[in-house]
């Protein structure tokens, strides 16, 4: 990928890497005999949905907007789960959904009657009160969580009309994490499995990560299906689809120094364009840079918003950085574009693709009108 000839700033999806991930996901789907669907909350670049549809046909939505995107651009009704539905939006959500999962018994009781005339399969999100996710921000099973129904509230029989159960406990996790979760789910909720048609195991299955035990995942899913052969098993990863499939290209626009700390000021923002770096937090990889090494030119990376904490660091380079030099952040396709903001009105990165024919194609640029139209 020729970074110098890509406009800055810009997210760039690599088509070959995307197809490689999709091939693996399709392989797991077929060998395990399960349904794997794309979670828009991690990736919703609809211009590449035609590529995704060559391998995977369905998607999961968490809002009316995502459900419409599934129906209109993915070309199939969504598997929809929302933490809370409103009277205003629910009819439109039904029009775009094949499955709707409810976060609480009260929401199910309120809206289920409307679904009976729309050929929709309804489910409940369950909370097994178990998760290996260590960061509380991403742990849906933390004490007091608002997400899902705990086993104690369900008694011995599900409400009439519930055809499926849905749990989500993982975050960039392994098949062994799923195995531990499944053991808890089976123990706490297995008594209901004879009453349902499908079980959605949520997202967080990072099967495309290097070192992920794909064979163990397939074996685990096949064993579970053998135990409950009547159940349709659904997985809805997001990150796995686009893990390590692209970059965020940026440029150095200034270099400032304070108390011996040099900061490379960029034309992108951690707060606006790479929010998970600050929220998780995690330190991204920069092409051609390393972690700080004494004696080498070392810099923080500074975002171009006025938020004081809009920086991350430090990285070392072989040579001193220069104004105009490209800074390329790796693995910046999942949970980036879907979470960006236009805080401060800072310039939003474009979106492009490095095609399988080794050509760059600019898909979208953003400008003043995009910012203005978000305001009133």
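Scanning the range 88-143 for residues that are at pLDDT below 95 and assigned to a helix (DSSP H, G or I), which turns out nearest to the chain's Cα centre (by Cα)? The extreme case among them is 138. Annotation for the range 281-301: no member residue is in a strand (DSSP E or B), buried (at least 16 other Cβ atoms within 10 Å of the Cβ) and in contact with a helix residue (DSSP H, G or I) (Cβ under 6 Å, 6 or more places away or on another chain). When the strands (runs of 3 or more DSSP E) confined to the range 231-276 are screened for residues that are free of Cβ contacts under 8 Å to residues at least 60 places away in the same chain, over 20 Å from residue 14 (Cα atoms) and not assigned by TED's automatic domain parsing to the domain that holds residue 123, those reaching at least 3 such residues are found at 246-258, 261-266. Taking residue 214, is it within 30 Å of residue 112 (Cβ to Cβ) and surrounded by 15 or more Cβ atoms within 10 Å (Cβ to Cβ)? In short, no. Checking each residue in the range 288-336 for being touching a residue at least 60 places away in the same chain (Cβ under 8 Å) and farther than 30 Å from residue 240 by Cα picks out 321, 322, 323, 324, 325.
Of all residues in the range 159-172, those satisfying the criterion of being out of contact with any strand residue (DSSP E or B) (no Cβ under 7 Å at 6 or more places or on another chain) and more than 12 Å from residue 182 (Cα to Cα) are 159, 160, 171, 172. Only one of the listed residues (65, 61, 42) is assigned by TED's automatic domain parsing to the domain that holds residue 187 and out of contact with any helix residue (DSSP H, G or I) (no Cβ under 7 Å at 6 or more places or on another chain). That residue is 65. For the structure I just gave you, tell me whether residue 350 is surrounded by fewer than 21 Cβ atoms within 10 Å (Cβ to Cβ) and on the phi > 0 side of the Ramachandran plot. So residue 350 does not fit the description; no. Summed over the range 347-369, residues that are within 20 Å of residue 40 (Cβ to Cβ) and either part of a helix (DSSP H, G or I) or touching a helix residue (DSSP H, G or I) at 6+ places or on another chain (Cβ under 9 Å) (or both) total 6. Answer yes or no: is there a residue in the range 338-346 that is farther than 26 Å from residue 41 by Cβ, in the same structural domain as residue 251 (by TED's automatic domain parsing) and either in contact (Cβ under 8 Å) with a residue 24 or more places away in the chain or part of a strand (DSSP E or B) (or both). Within the range 338-346 (the criterion being farther than 26 Å from residue 41 by Cβ, in the same structural domain as residue 251 (by TED's automatic domain parsing) and either in contact (Cβ under 8 Å) with a residue 24 or more places away in the chain or part of a strand (DSSP E or B) (or both)), the answer is no, since none of the residues qualifies.
The values are calculated or read from the model by the stated rules, or taken from the named source; none is laboratory data. None of the values given here were measured: they were computed from a predicted structure. Virtual Cβ from ideal backbone geometry, glycine too; neighbours counted across all protein chains shown.
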